[in-house]
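Structure first, then comments.
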Amino acid sequence: MSVARILAICGLAAGLAMGAITDTVPPRKPITIEGYQVLSGDFHVHAFVGDGGIPPWMLQRHATHVGLDVIAITNHNQTLAGRLGRAAAQPSTGPLVLVGEEITGRDYHLIGVGIERPINWDQPARGAIADVHAQGGVAIAAHPMHGFDGYDPVALADLDGVEVAHRDTLSSAMSLQFDEFYRRALTQNPEVAAIGSSDFHTSGPMGLCRTYLLVREPNEAGVIQAIRDGRTVGRCESGRLRGRPELVRLLEPYRDALAPPDESLAQTLALLLVWLSLVALAIVGPRS
Amino acid sequence: MLLPPDLRLVLSPTETYRQLIAEPVRGTWLRALERPALVAVIIGTAVTLSSARRVPLDLVLMGIVCWAFVPLVQVLIGLVVIGRARGRPMSVPRCVELLFAGHLPWSLWTLVMVGLDTFTTVPIPLTVQVLSLLVPAVWTTMIVSAFCRTALGCTPARARMLTVTHQAMTWTAFFAYVFLVSGFWPRILAFVGA
């Protein structure tokens, strides 16, 4: 075995060991405001098999590591991944895992959370929203920039939430489109929930953009009710809070406490070591 | 200094394949599956790294197991192509081993994309990502063509046919997966304005 191959394998092993040692759960203090508990959620998470990178049964533990209290697994036009994720989750010890779907229609993408069965995508947004409500779930407009904003005024009025913070809003041009859609939705439903979602596929981190919810009870019913009542604020990274001004004012003092956990230098070095070792292994191959 | 065969193959496929088939190696299945296993490790670890930004062992191992279907499908496609080459001079395991020796363009593409995404803040537009697929696609086509000519001992016309078959099956499998998992049909309908 060549020296380069031995070095690559040792580098990979060292990177993985370093990754394991530095893989800690960030400390978090529960926050309560005016009788409401504040939860951090990500309601737009894709899983493997689907176009997500992590299998659903590993997502609850992963959510713990990125400081989330609740996630919804929302693969395209199916709820199987969500149901698998929920079945594997341990509700007593970890974040809540909700069943969801990204209903991928022709001119809209709609997140249904708190549903069981897949929703027919081949219908206008208004029908899909009604079907989500019929199953007791909430309907959230997903990344409603141009091309995904096919909601008529009735559909806008029926929406429970709108993604106002999303990885695409990190670009200012896209951000304007999200803001414009949110304003349109507010004119039809002043209590529509402001949602922050990472739209997590294979590019992390999950919870990059997240929703802060003011819940009466930290369970599925409490989360769904908070979205339905619009008691939410969205945010990307450590950026500004987006949502109804009175809720933003309430959460503003807790900005730092609620921010997603930072990646430590040791964690970054572990990732870099693993990546460099993989590049070396790919080049040297398994044999001379 | 002699470069590793995987690297020599991307630089000079035909010449390297000639050298490799001249080596007195007895092909075994264990040996043949070493590179598919390496590809599974590369894809599974890279996807986990990029998705989770964490590399705990359980998550990495699960990633490798889940994404192992990619090299597995490639092995099956390879077996179809190798099976279509009548009168090949080598055993099937040795042919699989040599075919997988050309993994580097796709492995490096995967790792470069993951590296850019994980360690830089440079946004890579989807168009650029899609266009960048052309590089490993063309490169791999050249390697597979050289494999068919030299390792399988095909005539130029037969090698072209088998290369097209290999690439057609690969891309069909790719699009079938994308179609199934990403709600592709509504997107196509939206694209054509239906």
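The values are calculated or read from the model by the stated rules, or taken from the named source; none is laboratory data. Keep in mind the model is a prediction, meaning the values are calculated, not measured. FYI the Cβ positions are ideal-geometry reconstructions off the backbone, even for glycines, and counts take in every protein chain you see.
For this structure, a couple of remarks:
- Of the set (1) buried (at least 18 other Cβ atoms within 10 Å of the Cβ); (2) more than 30 Å from A:PHE48 (Cβ to Cβ); (3) touching a residue at least 12 places away in the same chain (Cβ under 8 Å); (4) facing another protein chain (nearest Cβ under 7 Å), all apply to B:PRO13 but (4).
- The residue pairs whose first member lies in region A:225-250 and is outside any strand (DSSP E or B), whose second member is of a type in the set (Asp, Glu), and whose beta carbons are closer than 6 Å, counting only pairs six or more residues apart or on different chains, are A:ILE227/A:ASP160; A:ARG228/A:ASP160; A:GLY230/A:GLU191.
- Candidate set: region B:117-136, residues that are in a helix (DSSP H, G or I) and touching a residue at least 24 places away in the same chain (Cβ under 8 Å); chosen: the one nearest to B:ARG88 (Cα to Cα): B:PRO136
- The lone exception for B:VAL25 - which of (1) under 20 Å from the mean Cα position of the chain (by Cα); (2) in contact (Cβ under 8 Å) with a residue 40 or more places away in the chain; (3) within 12 Å of chain A (Cβ to nearest Cβ) it fails: (1)
- Residue in region A:202-221 that is part of a helix (DSSP H, G or I), free of Cβ contacts under 8 Å to residues at least 24 places away in the same chain and out of contact with any Phe, Trp or Tyr (no Cβ under 8 Å at 6 or more places or on another chain) present: yes
- Considering residues of region A:4-29 that are in contact with a helix residue (DSSP H, G or I) (Cβ under 7 Å, 6 or more places away or on another chain) and either of a type in the set (S, T, N, Q) or without any contact (Cβ under 8 Å) to a residue 40 or more places away in the chain (or both) only, the residue surrounded by the most Cβ atoms within 10 Å (Cβ to Cβ): A:THR22
- Qualifying residue in region A:37-53 (condition: assigned to a helix (DSSP H, G or I) and polar (S, T, N, Q)): no
- Listed conditions (1) modelled with pLDDT of 95 or more; (2) assigned to a helix (DSSP H, G or I); (3) surrounded by fewer than 23 Cβ atoms within 10 Å (Cβ to Cβ) are all met by A:ALA63, apart from (3).
- Within region B:164-182, being buried (at least 17 other Cβ atoms within 10 Å of the Cβ) and β-branched (Val, Ile, Thr) holds for B:THR170, B:VAL181.
- Contact map, region B:81-109: first residue farther than 23 Å from B:VAL138 by Cβ and modelled with pLDDT of 95 or more, second residue of a type in the set (Val, Ile, Thr) and not in a helix (DSSP H, G or I), Cβ cut-off under 7 Å, separation 6 or more or different chains; pairs are B:PRO93/B:THR28; B:ARG94/B:VAL25.
- Residue satisfying all of: in region A:249-278; surrounded by fewer than 19 Cβ atoms within 10 Å (Cβ to Cβ) and within 7 Å of chain B (Cβ to nearest Cβ); farthest from A:THR211 (Cα to Cα) among these: A:LEU272
- Scanning region A:166-221 for residues that are buried (at least 23 other Cβ atoms within 10 Å of the Cβ) and polar (S, T, N, Q) returns A:THR169, A:SER197, A:SER198, A:THR211.
- Residues of region B:142-163 satisfying the condition of being farther than 17 Å from B:ASP6 by Cβ and surrounded by 14 or more Cβ atoms within 10 Å (Cβ to Cβ): B:SER145, B:CYS148, B:ARG149, B:LEU152, B:GLY153, B:CYS154, B:ARG158, B:ALA159, B:ARG160, B:MET161, B:LEU162, B:THR163
- Within region B:110-127, tally of residues that are at the interface with chain A (Cβ under 10 Å from one of its Cβ atoms) and either among the hydroxyl-bearing types (Ser, Thr, Tyr) or within 12 Å of the chain's Cα centre (by Cα) (or both): 3
- In the condition set (1) part of a helix (DSSP H, G or I); (2) closer than 20 Å to B:LEU49 by Cα, A:LEU68 is compliant with all but (1).
- For region A:105-151, taking the residues that are hydrophobic (A, V, I, L, M, F, W, C) and in a loop (DSSP other than H, G, I, E, B), the one that is surrounded by the fewest Cβ atoms within 10 Å (Cβ to Cβ) is identified as A:MET145.
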